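Reading through the structure tokens given below for one structure.
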Amino acid sequence: MEPTINVKEKFKELYTICDEIEAKVEEYSNKSFIGKAISWLKNPQNKLMSQVDKIYTEVKKLNGEDGFDEYQKTSVSRGTQNILNSFEAIRSKIPADSSLPKLNEKLVEVSGIITEFVPRPEEVGIVTIEPIKTIELISDAHAQLNETYESDGSGNIDYGFVDPERCFAYVADGMGHNKPDIKPIQTPLFEAFNDYYANRLKSTALSSVEEMKLFLEKHLKDLARTIYDSPLVDRSPAFSFVQVIEDSGQKYLLTAQLADCMILVRHADGRNEAIYTGKNEVGLGGRPMFGRGFSFPNVNIHEIESGTEVFGFSDGVADFMTLDQLNCFIDSNTDRNLLLDELKAFIIESGTQFDNDHGLYEDHGLDEETLIREKKNKRRNPTEDQVSANGEKKVKYWMSGSSEFYDDISSFSFKVS
């Protein structure tokens, strides 16, 4: 009789339990001394260890099933390895001086047992299924930061990053700009995520686009949880993330989007696709407008081709020009490493031209206070009806000396090989 177990669905359930254990470990590790003492009295290890035992029992049962076909056996083998990787990830979150020693010992013990009883591939006749490809898929990669105001960069709380080896990139737009107190908190969180995500991507066997989607959603949720538990919770960043993969010869772009950053996909066939959500959605890790918890983006899947070029921009760029203007600049740019500098110059030039077009310049006869007030009023109610590149209602126009009309700017770009 053939087994009725849905292997992939069963492992999804086990991955969810692993995520719950990891979240509880992180929550416990971030508690104050008094909070840890209270938790210790409640003995948090017992429930966590029982969850580890449940995972072990299910994994052992799946590996001992005799009626699976070759593809089901392959799924069991890959799923088991992913469980072992998840156990290792949980252990990495338990500090050396943690009050969770029994949980750590349990994870080591169970991992050792699983490793012993998992049959070798040649013993169970596992078929060869090539994992999805996540390396050597992009080239000409750039990530840049700048500001449209006078600054040494110490207060720039945007963040741009590309990993050319593991083929992911993102921009994050911290709330506000020119905030030297935020940067030392925010940047280390993203740097830690970059290393952790790349290492997990390298060590995890993913055999389909759907598995990659779930994997990415899980890690973005972890990042959102980290931000939510940090001092950034009330200053959560807008966020645009992309991952390039290849499965059975077809390349895919996975995108995740929150708030008013944007992604621009310039397909090899000439199509331009702008991906954004707008300001009605709260930033990564931030408190949702209704209810409790933290927010994290859903992941969408797009088919792409070699030669496609992908860009990410924070709202400091996307708010200040139309999509047509942005595409024209990209068309005319010959060095992607200089693109953000050229966009900055255009943003400032457009703001200056806006004032000239409306008679708001120094020798117009207005005193300085009145001139500044008129410049702001005209920008808040522009007669020009142009939608910004990230789908906001109207294009903003830069203004020197007014934090309402300048910003940090960030970008990434790469070409699909």
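Each Lys and Arg Cβ is given +1 and each Asp and Glu Cβ -1; about its Cα centre, the chain then shows a dipole of about 1840 debye.
Tell me, what is the FRET efficiency for residue 154 and residue 92 to the nearest 0.05, using R0 = 22 angstrom and their Cβ-Cβ distance as r? Calculated value: 0.10. Of the residues 370, 348, 409, the one whose Cα sits farthest toward the positive end of the charge dipole of the stretch 328-417, with +1 on the Cβ of Lys and Arg and -1 on the Cβ of Asp and Glu, is 409.
Could you work out [θ]222 nm for the chain from helices alone, using -39500 (n - 2.57) per DSSP H run of at least four and dividing by all its residues? Round to the nearest 500 deg cm²/dmol. Before the final figure, lay out the partial values.
Working: 12 runs with 184 residues, N = 417.
Counting only the DSSP helices, I get -14500 deg cm²/dmol.
When peptides 348-357, 251-260 are ranked by their average number of other Cβ atoms within 10 Å per residue, the highest-first order is 251-260, 348-357. All Cα-Cα distances of the stretch 334-417, cut into 5 Å bins from zero to the largest, leave 3, 12, 21, 23, 16, 11, 7, 4, 2, 1, 1, 0 percent in each bin in turn. Which residue, 190, 272, 323, has the largest displacement toward the positive end of the dipole of the chain when charges sit on each Cβ (Lys, Arg +1; Asp, Glu -1)? The residue sitting farthest along the positive end of the dipole is 190.
Throughout, read-outs are computed from the coordinates displayed, never taken from laboratory work. What you see is a predicted model; the values in this text were computed from it and never measured. Note that each Cβ is placed from the backbone with ideal geometry, even for glycine, and that neighbours are counted across all protein chains shown.
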